[in-house]
Amino acid sequence: MSGYYKTTTTNKATLTDEALKKFEEDVALGKPIIAKNYLEEEKDYNNTASILAMKLSKAIEKIFNKSMNAIFNEIDKAVRG
C-alpha cells in the first residue's frame with residue numbers, strides 16, 4: 001500500500017472536528033447514526049492524463065520486472081555453471 005493511498009484511506013475514516021461535534025450532538029439527541037453523514041466525500045481526481053500516466057507506469061514496471069528477472073536468471077546460470 002503506497003503512502004498516498006494509506007493517507008487517503010485514513011483520512012476517509014478519520015472524522016473532522018466539525019463532524020465529531022455533530023456526531024456527539026446526534027448521539028446526545030438520540031438521532032439515528034449513519035456514518036456517511038459524518039465522513040467527507042472523496043474527490044475523484046482521475047483524468048485522461050493521470051489514466052495514461054498510470055498505464056505507462058504499469059507498462060514500464062512490466063518491462064523492468066521482465067528485464068531484471070532475465071538478468072538475474074542469467075547470473076544464476078553463470079554462477080551455478
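One line per residue, one yes/no per condition, for (1) more than 18 Å from the chain's Cα centre (by Cα); (2) surrounded by 10 or more Cβ atoms within 10 Å (Cβ to Cβ); (3) at pLDDT 85 or above:
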residue	(1), (2), (3)
Ala13	no, no, no
Ala28	yes, no, yes
Asp44	no, no, no
Ala53	no, yes, yes
Ala70	yes, yes, yes
Asn73	yes, yes, yes
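Looking at Lys6, is it surrounded by 10 or more Cβ atoms within 10 Å (Cβ to Cβ), out of contact with any helix residue (DSSP H, G or I) (no Cβ under 8 Å at 6 or more places or on another chain) and basic (Lys, Arg)? The answer is yes for Lys6. Residue pairs whose Cβ atoms lie under 8 Å apart, separated by 6 or more positions or on different chains, with the first residue in region 1-28 and of a type in the set (A, V, I, L, M, F, W, C) and the second modelled with pLDDT of 80 or more and not in a loop (DSSP other than H, G, I, E, B), are Leu15/Phe23. Restricting attention to region 30-67, the residues that are more than 24 Å from Thr9 (Cα to Cα) and in a helix (DSSP H, G or I) add up to 10.
The values are calculated or read from the model by the stated rules, or taken from the named source; none is laboratory data. This one's a predicted model, so the numbers in the text were calculated from it and none came from an experiment. Reconstructed Cβ throughout: ideal geometry from the backbone, glycine too, with neighbour counts over all protein chains shown.
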